[in-house]
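Here's the structure we're looking at; comments come further down.
The values are calculated or read from the model by the stated rules, or taken from the named source; none is laboratory data. All of these numbers come straight from a predicted model, not from anything done at the bench. Ideal geometry is used to build each Cβ from the backbone, glycine not excepted, and the neighbour counts take in all protein chains shown.
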Amino acid sequence: MAAILGMRGTSSAPDAIRPKTIRDLILKYYQNKAPLTAMLARLKTEKVPTVYFSWAIQGLASRRLKINNAGGYDGAATTLTVKPTDEDNLLGGAYSVRKGMLLRVETTGEMMQVTSDPTSDTSMTVRRALGSITAQAIPENGYIMILATAFPEGSGPATAVSRNPKLLSNVVQIFKSSYSSTGSAIIEGKSYLTGNDFEEKQAQALEEIAIQREMAYIFGQKSETMVDGFPQRTTGGIVYSIVENCAASNLIPVNAVLTDDLWVDYSARIFKYGSRDNGKIALCGNGAITAIEKMARNGKIQITEVNTDDTYGINVRKLITSHGTLYLNAHPLFTENPALTHDILVVDPAFIKERIFRDMKENENVQNNGVDGVTNEFLMESGIEVMLPHAHAYLIGVGKDK
């Protein structure tokens, strides 16, 4: 590393390493205490003009229908009732098809064709046995795959089909962390740890607000209520977004000793949506990390060290699967809590963003008049935008032997 000769000013510090905001200080000093918050400081942030913010996501197109008729249907049935569209479970309804669409019964392989545009999301009419496989019974709760359209010569245009985007929203939350000393303590200035009592308390307050944001961005639930005559808002975190939008597919109860086969199944679900080439970050308790390491000892899965410059400044190890790359981080707040030590939060950095209404600020001398001492306070008003909930996942009880 090149040396710097002579007195060093702000202009001689490389932009990449010089903290520009208090949030950058958190990245520099507390990246291993609050890795998600540190990572967000490296990612693109966005100011919001109000305490509310929203974004739209295009509904995930499902090419699968599910029969909804007691006893199913025999080989002669041509009007089929299906379950309505359920994007959370990646299930399409009758409005997912149109006249001319080819369908395939998953249990028998029979090919059918839709004969008219559906007038409801739960019913469609079909022509049976278009191919070589004869019409057979379709079981109750059986699945039908959407294939493609087929039209005769001289036919008119296909019916247009579009999907409405899904609107998601969140709110910002006011975070505060104060520190104070009496006038005598400030003058004496002694500390067993750093030699400066006030600076030590300042560092503790900065760490505290970093951890507050970390936990809110992971486990917070969106809410708004009146407290003492004023509105109080809490931001919805990543787990909340998963539970609200895709719990069936992305909230994964493991609660078992980890095996190669289980891990392959979970990896397929983790990487079904979002980034594969750039990888995802796995924030793990030490129980989950231990389970993965034990599994890796048989040589089928390899874990390697990674330079922090390549991983948003946080300490990780790389685990490569056939579905995508996972960067493992031993999250201290998961490790310290017995209820979380076997859990893993999988985060796709491409689909999260910190939304800031008021950036981190240190307010000085907020103590009441006449108090013999000084109270300063860190304050920030922000929230998290989980742009695509399906790109993230939460695994419960990884390696936990019942």
The residue from T10, T108 that alone is among the β-branched types (V, I, T) and modelled with pLDDT under 85 is T10
Residue check for A135: surrounded by 15 or more Cβ atoms within 10 Å (Cβ to Cβ) and not in a loop (DSSP other than H, G, I, E, B): no
Residue set L328, L340, L333; condition touching a Lys or Arg at 6+ places or on another chain (Cβ under 7 Å) and at pLDDT 90 or above; output residue L328
Quick check on the stretch 358-373. Is at least one of its residues buried (at least 23 other Cβ atoms within 10 Å of the Cβ), closer than 14 Å to I174 by Cα, at pLDDT 95 or above and touching a strand residue (DSSP E or B) at 6+ places or on another chain (Cβ under 7 Å)?
no
Filter the stretch 15-62 for residues that are more than 21 Å from the chain's Cα centre (by Cα) and surrounded by fewer than 12 Cβ atoms within 10 Å (Cβ to Cβ); the one that is modelled with the lowest pLDDT is I17
Examine the stretch 111-124 for a residue that is of a type outside the set (D, E), in contact (Cβ under 8 Å) with a residue 40 or more places away in the chain and either closer than 30 Å to G220 by Cα or surrounded by fewer than 19 Cβ atoms within 10 Å (Cβ to Cβ) (or both), and state whether such a residue exists. yes
* Has the stretch 200-214 got any residue that is more than 23 Å from the chain's Cα centre (by Cα) and at pLDDT 95 or above? -> no
task: Please verify whether the stretch 100-107 includes one or more residues that are under 20 Å from T149 (Cα atoms) and either in contact (Cβ under 8 Å) with a residue 60 or more places away in the chain or in a loop (DSSP other than H, G, I, E, B) (or both).
output: yes
Within the stretch 260-278, restricting to residues that are among the small types (G, A, S) and over 13 Å from the mean Cα position of the chain (by Cα), the one that is nearest to P35 (Cα to Cα) is S267
Conditions (1) of a type in the set (G, A, S); (2) outside any strand (DSSP E or B); (3) surrounded by 19 or more Cβ atoms within 10 Å (Cβ to Cβ) -> A282 fails only (2)
Of the residues in the stretch 223-268, those that are touching a residue at least 24 places away in the same chain (Cβ under 8 Å), within 19 Å of I344 (Cβ to Cβ) and surrounded by fewer than 16 Cβ atoms within 10 Å (Cβ to Cβ) come to A247, A248, L251, P253, N255, A256, V257, T259, D260, V264, A268
Going through (1) outside the structural domain of E381 (by TED's automatic domain parsing); (2) under 32 Å from the mean Cα position of the chain (by Cα); (3) modelled with pLDDT under 50 one by one, L65 fails only at (3)
